[in-house]
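Undergrad: Would you mind keeping the following structure in view while I ask a few things?
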Amino acid sequence: MGNALERDRMIHAGIVDTIESTVLSGTMCQKLWQNMWLDPIIKIIPAGNEKIGDFKKHVSPSHLMPEDILPGAKSIISYFIPFHESIPNSNIEGENASIEWAGAYVKTNKLITIIADNIEAFMGEHGYKSGKLPATHNYNKEDLISNWSHRHIAYLAGIGTFGRNNMFITESGCCGRLGSIIIDYEFSEYEQVEEPRERCISKSGKTCDICISRCMVGAYSAGAGGNYTFDRHKCHEQCLKNGELYEKLGAADVCGKCVVGLPCSTGEPARATK
Ligand code: B12
Ligand code: SF4
Ligand code: SF4
């Protein structure tokens, strides 16, 4: 038992160190944008979490199970890499996404791929396998729904809650990117996940909805009971326009006007207003 706990600690520390040091070395490679990323938030949950079984019903019928990605899956590493405030701040003005926002998207997607490769190498050194998932572009082009929702996994891991604009809000805000990696290492114990506290001001019963009014293409429309419906196709069209504008950066289909300049962009607002 003692040995198992020691092994758990070593694997856990190795995973955290691999993610943190990959973010740090990515930062050091940035010649122009030294301040792109802040400290990642990292959690590990059992792959057998019973709520993942409900994803086919609640998220999408085509949502994969951890076993579909890695046979013998035992744990899921879920993480959020927050953007330095200079990235969202650059994207507040204007109709087009800023070049910093577009560049941060391309670079963070790449970083998420490198993190997965480094975790695979670390786990491999200890005799374990990893199931890697891309940051994005793993969605069906017709209905714009992915077979793996990083946000729902992060929600189960207790990293945050969903805002009025669908964005996932963490203690470091919603501006940043999420990743998940599946491994076949089973920890003898997992961190207790606390009941999530509401991070969105509107959803905690106060007045806000600033995010909704920031969309210039009208992707959100008021629905019954103060809820909004979201037209993902309208949003996608706007992202593709910016993708054309920033073609030279790589795949930069971004917008993000409804996630910047908000009380929840870089911190957790509902907590402060309680
Ligand atoms: C497909 C996709 C898109 C599509 C469709 C988006 C959509 N909302 O449907 C398009 C191209 C339009 C798009 C746009 C954007 N995207 Co996008 N996209 C994805 C992708 C690849 C899959 C999302 C998906 O299909 N999930 C399945 C659906 C069914 O689940 P979901 O999106 O998580 O949505 C659920 C929540 O809103 C949830 N929900 C809402 N309230 C509550 C409350 C509770 C209690 C619970 C449990 C759930 C819940 O219910 C929805 C349905 O179940 C993910 C990466 C990934 N693989 O996870 C990135 C991702 C969602 N996108 C992201 C971002 C940042 C954007 C943009 C801001 C573009 C940009 N980078 O500039 C916009 C924002 C649009 C918006 N308001 O949602 C980030 C979100 C980060 C965050 N903090 O939330 C992600 C996670 C990428 C990443 N790796 O970080 N995206
Ligand atoms: S801007 Fe306000 S309503 Fe919109 S997600 Fe953030 S806290 Fe919620
Ligand atoms: S990302 Fe842009 S187009 Fe999509 S909902 Fe937000 S503001 Fe509207």
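Undergrad: Which residues, taken from segment 227-252, are in contact (Cβ under 8 Å) with a residue 60 or more places away in the chain and either in a helix (DSSP H, G or I) or buried (at least 20 other Cβ atoms within 10 Å of the Cβ) (or both)?
TA: Once the filter is applied, which keeps residues that are in contact (Cβ under 8 Å) with a residue 60 or more places away in the chain and either in a helix (DSSP H, G or I) or buried (at least 20 other Cβ atoms within 10 Å of the Cβ) (or both), segment 227-252 yields 232, 233, 236, 241, 242, 245, 246, 249, 252.
Undergrad: Between a residue in segment 184-213 that is touching a residue at least 60 places away in the same chain (Cβ under 8 Å) and any residue that is hydroxyl-bearing (Ser, Thr, Tyr) and loosely packed, with under 12 Cβ neighbours inside 10 Å, which pairs come within a Cβ distance under 9 Å, given they are 6 or more apart or on different chains?
TA: 201/207; 201/273; 204/273; 206/273
Undergrad: Moving to a separate point now. If residue 114 satisfies all but one of (1) assigned to a loop (DSSP other than H, G, I, E, B); (2) at negative phi; (3) away from ligand 3 (no atom under 16 Å from the Cβ), what's the number of the condition it fails?
TA: Only one criterion in (1) assigned to a loop (DSSP other than H, G, I, E, B); (2) at negative phi; (3) away from ligand 3 (no atom under 16 Å from the Cβ) is unmet by residue 114, namely (1).
Undergrad: In segment 232-249, is there at least one residue being over 18 Å from the mean Cα position of the chain (by Cα), within 16 Å of ligand 3 (Cβ to nearest atom) and aliphatic (A, V, I, L, M)?
TA: Yes, segment 232-249 contains at least one residue that is over 18 Å from the mean Cα position of the chain (by Cα), within 16 Å of ligand 3 (Cβ to nearest atom) and aliphatic (A, V, I, L, M).
Undergrad: Follow-up. Given the conditions (1) at pLDDT 95 or above; (2) over 22 Å from residue 151 (Cα atoms), report the number of the one that residue 106 does not fulfil.
TA: (2)
Per-residue answers, yes or no, for (1) near ligand 1 (Cβ under 8 Å from one of its atoms); (2) among the small types (Gly, Ala, Ser); (3) not in a loop (DSSP other than H, G, I, E, B):
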position: 143; (1), (2), (3): no, no, no
position: 181; (1), (2), (3): no, no, yes
position: 187; (1), (2), (3): no, no, no
position: 190; (1), (2), (3): no, no, no
position: 208; (1), (2), (3): no, no, no
position: 221; (1), (2), (3): no, yes, yes
position: 225; (1), (2), (3): no, yes, yes
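The values are calculated or read from the model by the stated rules, or taken from the named source; none is laboratory data. Because the structure is a prediction, the values reported are computed rather than measured. Cβ: placed from backbone, ideal geometry, glycine included. Neighbour counts: every protein chain shown.
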